[in-house]
């Protein structure tokens, strides 16, 4: 992306995010939403983020797209700790520790 | 309302937000570091943080940019992550809908997971709260989180270039995303949506960057909603 494109993206994201936040409180007001719309909205983060992460975990760019045991182990650890503890920072910490531990063991 | 009442109400909101403030610091710093590593100059990192004020979508935008997605696809993916805020906006209408427009416009800028959750709990606990008090409490829950997030993003952006490549920061984003999402997987419907997203995105990984993700996201959202409707139907039977 060129510098100008990055600025355009930042501006679009800023305006778009604000409009999403302002949507009901400022523009639409107190009209009931259809239940199915509310249902779909509830799943947006878990519908988008896993699909974005999966290829990064399986085919990391740093290894030229080769599957990498260290990165797979780190991803698995972050997932397990996040599921069990519901603690974001703990999951990041354990995932990072496993990554460095495994990279060190494999001499990478 | 006297100034001292207003201040103590604001401080109560700020105190309630304290656990979130502590967690958001390192997260903001990570965004600053990763943005700098991805090649964004500090001005772009900071303008993005100030305009968007939404961590997960900022990380998403960064990832899609590094993947080589174009402006529109990167915007689509990052905004899709923020769509849940439309739900927050709708849920705040019964409580703040009668406030003057400029106050609603101000509140809207600071609607995020933490401020929304804390405020709605408080409004429901005390339905007799006046409109002024509701707005001040909201600001108390939102401003400390937003300020610490922005300040620590700056610290991270300034440190970004000093961190050696050996630290394998390429994998900081995937670990962060997994750690963000894993705690959200509370129900079968959430798990089904996440699994659908992974499977469809991998199957469509040959498509131009970002395209498969948007398709996967739309299908996964529908799957989550369908499974939820199913489960509710069974529960009520």
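The values are calculated or read from the model by the stated rules, or taken from the named source; none is laboratory data. Source: prediction; values computed, not measured. Neighbour counts are summed over all protein chains in view; Cβ atoms, including those assigned to glycine, are modelled from backbone coordinates with ideal geometry.
A quick yes/no check of all residues on (1) outside the structural domain of residue A:106 (by TED's automatic domain parsing); (2) modelled with pLDDT of 95 or more; (3) surrounded by 23 or more Cβ atoms within 10 Å (Cβ to Cβ):
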{"site": "A:51", "(1), (2), (3)": "no, no, yes"}
{"site": "A:55", "(1), (2), (3)": "no, no, no"}
{"site": "A:67", "(1), (2), (3)": "no, no, no"}
{"site": "A:71", "(1), (2), (3)": "no, no, yes"}
{"site": "A:79", "(1), (2), (3)": "no, yes, no"}
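Could you check segment B:114-143 and list, in sequence order, the residues that are without any contact (Cβ under 8 Å) to a residue 12 or more places away in the chain and in a helix (DSSP H, G or I)?
Listed by number, the residues that qualify are B:117, B:121, B:124, B:125.
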Open item on the list: Checking the structure you have, find out if any residue of segment B:212-224 is outside any helix (DSSP H, G or I) and surrounded by 16 or more Cβ atoms within 10 Å (Cβ to Cβ).
Closed with: no
Open item on the list: Contact list please: Cβ distance under 6 Å, first residue in segment B:160-179 and within 7 Å of chain A (Cβ to nearest Cβ) and within 14 Å of residue B:39 (Cβ to Cβ), second residue surrounded by fewer than 21 Cβ atoms within 10 Å (Cβ to Cβ) and at pLDDT 70 or above, pairs at least six apart or on different chains.
Closed with: B:170/A:62
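Table: residues versus (1) more than 7 Å from chain B (Cβ to nearest Cβ); (2) farther than 25 Å from residue B:229 by Cβ; (3) touching a helix residue (DSSP H, G or I) at 6+ places or on another chain (Cβ under 9 Å); (4) assigned to a helix (DSSP H, G or I).
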residue	(1), (2), (3), (4)
A:37	yes, no, yes, yes
A:40	no, no, yes, yes
A:53	no, yes, yes, yes
A:57	no, yes, yes, yes
A:71	no, yes, yes, yes
A:74	no, yes, yes, yes
A:78	no, yes, yes, yes
A:89	no, yes, yes, yes
A:99	no, yes, yes, yes
TODO: Give the residue that is surrounded by the fewest Cβ atoms within 10 Å (Cβ to Cβ), with candidates limited to residues of segment B:70-82 that are touching a residue at least 40 places away in the same chain (Cβ under 8 Å) and touching a helix residue (DSSP H, G or I) at 6+ places or on another chain (Cβ under 7 Å).
DONE: B:73
TODO: Would you confirm whether any residue within segment B:148-167 is surrounded by 20 or more Cβ atoms within 10 Å (Cβ to Cβ), closer than 30 Å to residue A:107 by Cβ and touching a helix residue (DSSP H, G or I) at 6+ places or on another chain (Cβ under 8 Å)?
DONE: yes
Open item on the list: Quick check on segment B:179-188. Is at least one of its residues modelled with pLDDT under 95, more than 17 Å from residue A:42 (Cα to Cα) and surrounded by 16 or more Cβ atoms within 10 Å (Cβ to Cβ)?
Closed with: yes
Open item on the list: Tally up the residues in segment B:90-113 that are under 16 Å from the mean Cα position of the chain (by Cα), assigned to a helix (DSSP H, G or I) and either more than 25 Å from residue A:34 (Cβ to Cβ) or not assigned by TED's automatic domain parsing to the domain that holds residue B:132 (or both), please.
Closed with: 1
